[in-house]
Amino acid sequence: MTIKIHQPSFSRRAALAAAGTLGALGATVAAGTGATATPGAKAPKPTLAFRPDGRFKVVQFNDTQDDEQTDRRTIELMDRTLDAEKPDFVVINGDVINGGCDTELEVKQALNHVVQPMESRKIPWAITFGNHDEDSVARTGMTEARMLQFLQTYEYNVNGDTTDGVTGTSNSLLLVQSSKSKDPAFGLWLIDTGRYAPDSINGQDFEGYPDWDWVRMDQVTWYRNLSIATEQKYGRKIPSLMWGHIALHEHRNMWFASIDSRTDADHQRAVKKHSITGERNEDECPGPFNSGLFNAFLERGDVRGYFVGHDHVNTYVGNYYGVELGYGPGTGFGAYGLPGADRNRLRGARVFELDENHARIYKETRLVFAKDVGIDLTANDQPITPLPLGPAQL
């Protein structure tokens, strides 16, 4: 059973003033690493930059979603993927943990397990929050805000601070420095897609509707204003990708090339029209309202793709009117997967190749599966004993 933790308000709308947006922009470029972090303090931020050959690689893990006794294969999959791909940046795209923790320490241990693969390799990383990350808050007191504070103590975490007046935790724009100058060549957007819909709005409940959360209008305004401010500051639009946990309604529209009709024939038309590849093994689970975020993408023209998780056994990607919409497969072996013996067949990660020498910089995306890197796919649980925290995390 899913425990619902509702946001305190359904409409915290605050448009960012242009001056404030420009002022905040300087903080989105990660600073170089410095002194060792003291316990409980934010670590200095590493710089994100294209390699001298103009390349930059991103790995997306999704739904690591376990408690402090993380399935050993989740960590093994992350380790082997990072060793094979050697990425420059990693995002864990929501549902980093589940609601199984009973204490603050256990939440920290669960988080620690899935960030250590990047920390131990000195790879910059960040997370987005999903619907399950706060499921244990009533017992542990670990809100998203407190989790963010904890995660920012790690040396290679690059999550931005939460913006006052904007819904969600750590909505961030991370700018990747060009190999040819000190200006950014690409942007990495991280957005908090929330948890669950409120019980009711204007006296009407959500019976019959999906009751996941949605990107709120103030977040769309935040993206739009910061996109405009970035263009004004650098004299051009910065091409980018965005990650958020929950799918948009446009993901489903793309799969069927339709809003109302959902037949096999519709999908076959969509495959050709939108160049769709990958699997869809469960219905998309967006919130009850269309957020308008995709419309903002079309208007601004800087986001090349929006990638999600949440629906663990979907892996597809397609081109929806110039913007790639896609899924990263579920990474965590402790979370639900396919039925029966196939439970772990689609555990994996998504890889993104960027290249300044490519016309659009964003070159391609592909999948890495646990089955391809020699990991045990047995449909069982293989928990580990919690690992100790580092001195800076105590």
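The values are calculated or read from the model by the stated rules, or taken from the named source; none is laboratory data. Computed from a prediction, not measured in an experiment: that's the story for all the values here. Because the Cβ atoms are built from the backbone with ideal geometry, glycine has one as well, and the counts that use them run over all protein chains shown. Surface areas here come from the heavy atoms of the whole protein model, side chains and all, with no ligands, DNA or RNA. Shrake-Rupley method; radii C 1.70, N 1.55, O 1.52, S 1.80 Å.
Right, Asp164: more than 20 Å from Leu241 (Cβ to Cβ) and among the charged types (D, E, K, R) or not? In short, yes.
Taking the range 267-293, which residues are at positive phi and within 20 Å of the chain's Cα centre (by Cα)? Those that are at positive phi and within 20 Å of the chain's Cα centre (by Cα): Gly278, Gly292. Would the range 373-384 turn up any residue that is farther than 25 Å from Ala270 by Cα and assigned to a strand (DSSP E or B)? Yes, some residue in the range 373-384 is farther than 25 Å from Ala270 by Cα and assigned to a strand (DSSP E or B). Within the range 258-306, being open to solvent by 40 Å² or more (accessible area, probe 1.4 Å) and either closer than 16 Å to Gln219 by Cβ or basic (Lys, Arg) (or both) holds for Arg262, Arg269, Lys272, Lys273, Arg280, Phe289, Asn290, Asn295, Glu299, Arg304.
Within the range 357-368, at least one residue is in contact (Cβ under 8 Å) with a residue 40 or more places away in the chain, open to solvent by 20 Å² or more (accessible area, probe 1.4 Å) and among the basic types (Lys, Arg).
If you go through the range 124-143 and pick out every residue that is open to solvent by 10 Å² or more (accessible area, probe 1.4 Å), polar (S, T, N, Q) and either over 23 Å from Pro391 (Cβ atoms) or in a loop (DSSP other than H, G, I, E, B) (or both), you end up with 1.
Just one of the listed residues (Asn319, Asn253) is within 24 Å of Leu367 (Cβ to Cβ) and surrounded by fewer than 18 Cβ atoms within 10 Å (Cβ to Cβ), and it is Asn319. Before we move on, is Ser227 closer than 30 Å to Glu356 by Cα, touching a residue at least 40 places away in the same chain (Cβ under 8 Å) and assigned to a loop (DSSP other than H, G, I, E, B)? The answer is no for Ser227.
Filtering the range 331-347 to residues that are among the aromatic types (Phe, Trp, Tyr) and open to solvent by 70 Å² or more (accessible area, probe 1.4 Å) leaves only Tyr336. Among residues that are open to solvent by 20 Å² or more (accessible area, probe 1.4 Å), out of contact with any strand residue (DSSP E or B) (no Cβ under 6 Å at 6 or more places or on another chain) and either at pLDDT below 95 or in a strand (DSSP E or B) (or both), Pro39 is included.
Only one of the listed residues (Arg146, Arg121) is in a helix (DSSP H, G or I) and free of Cβ contacts under 8 Å to residues at least 60 places away in the same chain. That residue is Arg146.
Residue-by-condition table, conditions (1) outside any loop (DSSP other than H, G, I, E, B); (2) surrounded by 17 or more Cβ atoms within 10 Å (Cβ to Cβ); (3) among the β-branched types (Val, Ile, Thr):
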{"residue": "Asp161", "(1), (2), (3)": "no, no, no"}
{"residue": "Leu175", "(1), (2), (3)": "yes, yes, no"}
{"residue": "Phe186", "(1), (2), (3)": "yes, yes, no"}
{"residue": "Leu190", "(1), (2), (3)": "yes, yes, no"}
{"residue": "Glu207", "(1), (2), (3)": "no, no, no"}
{"residue": "Trp214", "(1), (2), (3)": "no, yes, no"}
{"residue": "Gln219", "(1), (2), (3)": "yes, yes, no"}
{"residue": "Trp222", "(1), (2), (3)": "yes, yes, no"}
{"residue": "Glu231", "(1), (2), (3)": "yes, no, no"}
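Name every residue in the range 316-351 that is farther than 14 Å from Asn253 by Cβ and among the hydroxyl-bearing types (Ser, Thr, Tyr), in order of residue number. Residues satisfying the conditions are Tyr327, Thr331, Tyr336.
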